[in-house]
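Step one of this worksheet: look at the structure below.
The values are calculated or read from the model by the stated rules, or taken from the named source; none is laboratory data. In this text the structure is predicted, and so the values were computed from the model without any measurement. Because the Cβ atoms are built from the backbone with ideal geometry, glycine has one as well, and the counts that use them run over all protein chains shown.
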Amino acid sequence: MPSLRHARRIARCGLAASCLLALGACALPRVTRRPAQTEYRLRTPQLHQPADIRVPVMLRVTPVLAAPGLDGVAMLYSARPLQLMPYRDSRWWVPPAEMIDAALRRALARQPWVAAVEGDASPAPAAWTLSCRLESLEHDVYRRRAALDLGCQLFDDPARRLRAAWNFDGVQSLAEQDAADYAQATQTLLERAVADALRHVAATLQQPAPGADAAPGGR
């Protein structure tokens with residue numbers, strides 16, 4: 001039978017082992033997870049542009065092109081001039097040029113003076129073609145604003161004559177310097193850019209074609 005002294009030694013050894021295990025557990029590195037990505041999307045604004053066009057026209061809209069660096073989902077901010085950086089934990093739902101393209105198409109299709117909006121590869125004939133390019137979209141931190149630059153051209157098909165060209169270069173002030181406010185400011189800029197496009201398209205369609213007495217659109 002073990003002696004009382006031996007039993008006490010075993011107990012002390014067990015206590016020491018427990019303390020070492022506890023200390024070892026405390027020394028293990030913490031497992032941390034990277035914050036989930038927050039995705040932001042731009043929605044089609046509800047806009048109505050009056051136009052004196054009796055016969056609705058067919059309109060082709062080519063895909064909105066993106067300047068270099070804007071063809072991805074990164075949300076870009078500029079902390080100082082000539083420096084662009086992506087937000088780490090925030091991004092666009094899809095590349096912004098695609099969301100702008102969808103907004104333009106849907107807004108135009110909702111106008112009563114547009115019979116249909118076709119894609120670039122549509123075999124159906126269209127009287128007009130709208131082409132746009134996203135030149136810049138960024139959160140200007142040092143000026144506390146968001147900026148959107150969209151250039152567009154409207155052609156008279158099938159002659160493919162350039163009938164109108166414009167550039168929307170808008171800025172929107174930011175109350176907070178974060179991705180959420182940047183996304184909201186971009187939505188505001190998109191609404192202004194689409195409204196600008198609707199005004200230019202409607203005004204051009206109401207103008208007489210060069211060398212013709214009748215205005216395009218069947219007026």
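Conditions: (1) within 17 Å of T44 (Cα to Cα); (2) over 20 Å from the mean Cα position of the chain (by Cα). A127 meets all but one. Number of the miss?
(1)
I'd like to verify a number: residues in the range 40-70 that are more than 30 Å from L84 (Cβ to Cβ) and exposed (fewer than 15 other Cβ atoms within 10 Å of the Cβ), how many?
6
Out of the residues in the range 119-134 meeting the condition of being of a type outside the set (G, A, S) and crowded, with 17+ Cβ neighbours inside 10 Å, tell me which one is nearest to H200 (Cα to Cα).
Only one residue fits best here, namely L130.
Here are the criteria: (1) surrounded by fewer than 16 Cβ atoms within 10 Å (Cβ to Cβ); (2) farther than 29 Å from Q206 by Cβ. Tell me which single one Q172 does not satisfy.
All conditions pass for Q172, except number (1).
Is it true that P95 is free of Cβ contacts under 8 Å to residues at least 60 places away in the same chain, within 30 Å of A127 (Cβ to Cβ) and buried (at least 17 other Cβ atoms within 10 Å of the Cβ)?
yes
With the range 37-105 as the region, which strands (runs of 3 or more DSSP E) entirely inside it contain at least 1 residues that are touching a strand residue (DSSP E or B) at 6+ places or on another chain (Cβ under 8 Å) and under 16 Å from Q187 (Cβ atoms)?
38-40, 74-78, 85-92
Mind listing whichever residues of the range 179-219 are of a type in the set (D, E) and either modelled with pLDDT of 95 or more or in contact with a helix residue (DSSP H, G or I) (Cβ under 8 Å, 6 or more places away or on another chain) (or both)?
Result: D181, E191, D196.
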